[in-house]
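First up is the structure itself, then whatever we jot down about it.
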Amino acid sequence: MSDDMLNFLKEEGIRESLIREVARFRDANGVSPDLDYRIPRPRFLYYGADIWEQAITALLCGENLLLVSPKATGKNVLAENLAAAFGRPSWDISFHINTDSSSLIGTDTFENGRVVQRHGPIYECAVHGGFGVLDEINMAKNESIAILHATLDFRRIIDIPGYSKITLDGLTRFIATMNYGYAGTRELNEALASRFMVIRMPTISSANLRKLLKREFPNLREKYMEQFTGLFQDLQKKCENSEISSKSLDLRGLISAIHLMEKGLPAGAALEIGITNKSFDDFERDLVEDVIRLRIPQAPRREEIFTD
Amino acid sequence: MVIHSQEKQRALNIIWNAAADYAVKSEFEGYDAEGRADLYWNYIIGAIHRHCDFDQLQTYFDRVRPDSDRAFYEGLAWIGLENYAFERGRDERPVLEDLRRAYAESVLGGRRPEEFYFLVDEISKAHFARAAGLQPPVREQVAAVLEMLEFGADATTEEIVLRLNQVVDQHFPLAQDRKKAHLFHIELPFRLNLPLKKKHPGSLQNPFLDISLLNVFNTAAGTPGEEPADPDKKSEHSRKNLSWEAIKEQQESKARETIQARYGVSMLPEAQTRALEQQLCTGNHKDCRLHFTRGEFAAQTESDHRKAVLKQREKNQQHFKENLARNHNSILKLTNIIKNTLLIHFEPSTYRSESGQLVGGRVWRNLHLNDNRVFLKSTRDDIGSLSVDLLLDASGSQIDRQEMLASQGYIIAESLQRCQIPVRVFSFCTNSNFTVINLFRNYDEDGKNEAVFNYRASGCNRDGLAIRAALHLIEKSQYDHRILIVLSDGKPVDPHGIGGNRTDPDLNFYADTVGVNDAALEVRRGRLNGISILCVFTGLDEDIPAAQKIYGNDLVFIKSAEKFADIVGVLLKNELRNI
């Protein structure tokens, strides 16, 4: 799999020297077979050579990454792709309002009549030199994740009061993702932000979206590929101009809708459930529908969209 | 045909989308007969903005604008432009063929009353019949016009404008040139005079044009049941009605007109304003009047007041820009304070319980002490929805601080908006017996905080009535928690006394104790109704006691602009904590 990733990086035009270093990193640091299942096998690939180079260089230098971008820009795809390229086991940790140190590091549990610690994902990741993906890190309260400060900075330790203090495995990296502007998200405080290298990810370009669709739907006709790409760009523009919220700007939704079309659902209905209905505001749905109607006919036949 | 603001916004969105430019300000929008935004036509309008140099096209529209048949000439141009936009866009958006076919069918199958005939319809129908691939029998002249009008994808804007002018000159000379005899004109005298806006579904229209036509109709032509046009009869008619009530009514309308010329047209229909007056101008404010405006002046108003507002706006903006760094910092600070305060509200409170999340370390208590509370339960208080209204004192006493006040209003509004708290901003002042409430931005108008810079101080201030009116508006809102912040110098002054008691000379002037007491009363009434009322004091030190009397402890005094955010932050923080 990782070879596939390296080939993909080559295709993307990433600097040869970087790819060689990634390969060296991977070859020098094997993964025990019982953790092999944790190495991601990405279904989607991240397109964007600049971002790839920034991310790879930072990780090679032992830094943690914070991927910041609006919705539907591929933060998690990139995080997963990075773990795959480096061939490391990964732990996905979704942050939420009630995330606290026990859910990250570990919690007390009762075992054979004794209170013992059950390790949390951060602990596991640290011990096994994995890649920890801290998803939507700004959903959690800053105070409750202050426990991570020592883990993420130069100290690279986890100190669990009453139990032990461990030092992170040298291969451990954390990749946090954050969306600025979702309801419920908050500012990341400076203390936490300073422990990451921050990559601002651009919204997906037409060319990259085309590549993505081509890979996902090899049988999609060129004419419709253009229209779906154009549709996403139109929505993106509408969102950037604050005419609609980002609810309907949903790349996952678009791809799922095309899958439904492939299964035979009429395009109008597929886009309605994949994109339009993501918004719960009547007027916003009207606006999104207008954008769709200016791109996709209501009921094209399946063979008009796909070659087989 | 009523066009709802939502449909207008929808039309604009389609235009922007097609123009790929959200800064486009289109004079044209397309609606169907029910007033719904027309997808196809708005796309065409947007696409024309994208593919043509609209400034050049505008020369054509400007040329035909003074003509009484303007709508016809505009309609004619759009037939040609539709062809152009379609040809340009058909490869990029194959769906256009379907949309055009559907539109053509609606034009061709459209039913119109037989007694109406519109030349532009005939041309349009012929055009869309051709678009639908039909070969309809058309008059030779119509075919000739279409030949010239149906622009191909490779036409340049220059060519389009040139050809449009040729069509007009050759076939439909403008009014000033119409003396020349012409085929169409001879055949169909007067027919061109019918307005395009009343035609089949999908007609293009300019909503402003619609309004102005309507106005012209009402005033110039008269409506049934109105006063007779004959001057003799008119004076007789007037004499009959010359009662005290009529004079009073006349004076009142005149006063309303004056106030509208000074502060902008009313945002409410007069009947609604009067109903509100009946409800609110009671007690101490009997005989007072209200004027609710958005500070927009009627197009024909070229008054000094309007210029003064624009001038003050420039000054306000300039002042804000001069202190941009500081103001920006204040916004950030205030935003952070509010956000953090709100975050604290989301802090869950955790307590030991008999159910919830098991705490491993406590299990022994159950085994050895029979304590069932070995679980942790956390509850989170939801504060519900919150809105803030910002009322700026725009009386003459603020004249030296106008720019500062506008900046402060903007900073608060912007900070609240960034915290996704709905905010409404209005100002108040009193002129003659009118208390003017000028609405700058409403709760849902995010991104319109700039309107606060339209703030301009003049006249007196009847704080009590203004607060009463503001509270009335707030009470109608649906939010769970409502906060009113008044930026005021706490110094009510209005030469119109307190209604109902004319014998006591002290009560003949709404100021000092009388004014302060009345305003204080209104504030207490609002608080009793569950609305938090805060004051950011903007006056002189000597007036602080009066302001304290009105607003109690919920008052802050801004000693230096640098401290503005911190001080207002503390004020809001305290209030939010109390929710």
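The values are calculated or read from the model by the stated rules, or taken from the named source; none is laboratory data. Because the structure is a prediction, the values reported are computed rather than measured. Note that we place each Cβ from the backbone using ideal geometry, even for glycine, and neighbour counts take in every protein chain shown.
Evaluate the following for B:Q398: is it at pLDDT 85 or above, part of a helix (DSSP H, G or I) and more than 14 Å from every other protein chain (Cβ to nearest Cβ)? The answer is yes for B:Q398. Within the range B:400-452, can you find the residues that are aromatic (F, W, Y) and surrounded by 19 or more Cβ atoms within 10 Å (Cβ to Cβ)? Those that are aromatic (F, W, Y) and surrounded by 19 or more Cβ atoms within 10 Å (Cβ to Cβ): B:Y410, B:F426, B:F428, B:F434, B:F440. Selection of the range A:1-15 for residues being outside any loop (DSSP other than H, G, I, E, B) and either in contact with a helix residue (DSSP H, G or I) (Cβ under 7 Å, 6 or more places away or on another chain) or at pLDDT 95 or above (or both) yields A:S2, A:M5, A:L6, A:L9, A:K10, A:E12. Going through (1) more than 14 Å from chain A (Cβ to nearest Cβ); (2) over 32 Å from the mean Cα position of the chain (by Cα); (3) within 27 Å of B:N165 (Cβ to Cβ); (4) touching a residue at least 24 places away in the same chain (Cβ under 8 Å) one by one, B:R100 falls short only on (1). Residues in the range B:34-46 that are on the phi < 0 side of the Ramachandran plot and more than 10 Å from chain A (Cβ to nearest Cβ): B:E34, B:D38, B:W41, B:I44, B:I45.
Filter the range A:128-152 down to residues that are surrounded by fewer than 17 Cβ atoms within 10 Å (Cβ to Cβ) and touching a helix residue (DSSP H, G or I) at 6+ places or on another chain (Cβ under 9 Å) and give me whichever is modelled with the lowest pLDDT. Per the stated criteria, the residue is A:A146.
Screening B:D55 on (1) out of contact with any Ser or Thr (no Cβ under 8 Å at 6 or more places or on another chain); (2) assigned to a helix (DSSP H, G or I); (3) more than 23 Å from B:S124 (Cβ to Cβ); (4) within 14 Å of chain A (Cβ to nearest Cβ) shows it passes everything except condition (4). Residues that are over 30 Å from A:R114 (Cβ atoms) and modelled with pLDDT under 85 within the range B:363-395 comprise B:T379, B:R380, B:D381, B:D382, B:I383, B:G384, B:S385, listed in sequence order. Among the residues in the range A:211-228, are any away from chain B (no Cβ under 11 Å), among the polar types (S, T, N, Q) and either assigned to a helix (DSSP H, G or I) or out of contact with any Ser or Thr (no Cβ under 8 Å at 6 or more places or on another chain) (or both)? Within the range A:211-228, none of the residues are away from chain B (no Cβ under 11 Å), among the polar types (S, T, N, Q) and either assigned to a helix (DSSP H, G or I) or out of contact with any Ser or Thr (no Cβ under 8 Å at 6 or more places or on another chain) (or both). In contact (Cβ under 8 Å) with a residue 60 or more places away in the chain, over 20 Å from B:N454 (Cβ atoms) and either within 20 Å of the chain's Cα centre (by Cα) or crowded, with 16+ Cβ neighbours inside 10 Å (or both), is that true of B:N284? It is true that B:N284 is in contact (Cβ under 8 Å) with a residue 60 or more places away in the chain, over 20 Å from B:N454 (Cβ atoms) and either within 20 Å of the chain's Cα centre (by Cα) or crowded, with 16+ Cβ neighbours inside 10 Å (or both).
Return yes when A:R156 is within 13 Å of chain B (Cβ to nearest Cβ) and over 30 Å from B:Q420 (Cβ atoms) and no when it is not. Against the criterion (within 13 Å of chain B (Cβ to nearest Cβ) and over 30 Å from B:Q420 (Cβ atoms)), A:R156 does not qualify.
If I filter the range A:261-308 down to residues being touching a strand residue (DSSP E or B) at 6+ places or on another chain (Cβ under 9 Å) and away from chain B (no Cβ under 14 Å), which single residue comes out as surrounded by the fewest Cβ atoms within 10 Å (Cβ to Cβ)? The selected residue is A:T307. One residue alone among B:K549, B:K563 is over 32 Å from the mean Cα position of the chain (by Cα), over 21 Å from B:D463 (Cα atoms), basic (K, R) and part of a helix (DSSP H, G or I), and that residue is B:K563.
Taking each residue of the range B:472-493 that is assigned by TED's automatic domain parsing to the domain that holds B:G526 and looking for partners that are basic (K, R) and modelled with pLDDT of 85 or more with beta-carbon atoms closer than 6 Å, six or more apart or interchain, yields B:I474/B:R482. For the range A:101-127, the set of residues classified as facing another protein chain (nearest Cβ under 10 Å) and in contact with a helix residue (DSSP H, G or I) (Cβ under 7 Å, 6 or more places away or on another chain) consists of A:T107, A:D108, A:T109, A:F110, A:V115, listed by residue number. Applying the condition of being touching a residue at least 40 places away in the same chain (Cβ under 8 Å) and part of a strand (DSSP E or B) to the range B:437-470 and asking which residue is farthest from the other protein chains (Cβ to nearest Cβ) yields B:C460.
Checking B:R373 against (1) among the charged types (D, E, K, R); (2) outside the structural domain of B:Y551 (by TED's automatic domain parsing); (3) surrounded by fewer than 16 Cβ atoms within 10 Å (Cβ to Cβ), which test does it fail? Every condition holds for B:R373 apart from (3).
In the set A:L231, A:L188, only one residue is within 14 Å of chain B (Cβ to nearest Cβ), part of a loop (DSSP other than H, G, I, E, B) and either in contact with an Asp or Glu (Cβ under 6 Å, 6 or more places away or on another chain) or touching a residue at least 24 places away in the same chain (Cβ under 8 Å) (or both); that residue is A:L188. Considering the range B:3-33, and only residues there that are over 14 Å from A:D290 (Cβ atoms) and touching a residue at least 40 places away in the same chain (Cβ under 8 Å), the residue that is nearest to the other protein chains (Cβ to nearest Cβ) turns out to be B:I3.
Across the range A:172-181, the number of residues qualifying as within 14 Å of another protein chain (Cβ to nearest Cβ) and either crowded, with 16+ Cβ neighbours inside 10 Å or modelled with pLDDT of 65 or more (or both) comes to 1. For the range A:87-100, filtered to residues that are surrounded by fewer than 18 Cβ atoms within 10 Å (Cβ to Cβ) and in a strand (DSSP E or B), the residue that is farthest from the other protein chains (Cβ to nearest Cβ) is A:D92. Annotation: of all residues in the range A:234-260 being in a loop (DSSP other than H, G, I, E, B) and without any contact (Cβ under 8 Å) to a residue 60 or more places away in the chain, the one that is nearest to the other protein chains (Cβ to nearest Cβ) is A:N241. The selection criterion, being surrounded by fewer than 20 Cβ atoms within 10 Å (Cβ to Cβ), within 23 Å of the chain's Cα centre (by Cα) and in the same structural domain as A:L287 (by TED's automatic domain parsing), holds for A:R252. Output the residue which, of all residues in the range B:130-179 that are touching a His at 6+ places or on another chain (Cβ under 8 Å) and in a helix (DSSP H, G or I), is farthest from B:D55 (Cα to Cα). So, considering only residues that are touching a His at 6+ places or on another chain (Cβ under 8 Å) and in a helix (DSSP H, G or I), the one farthest from B:D55 (Cα to Cα) is B:Q141.
Against the conditions (1) within 12 Å of another protein chain (Cβ to nearest Cβ); (2) closer than 28 Å to A:E111 by Cα, B:F375 satisfies every one except (1).
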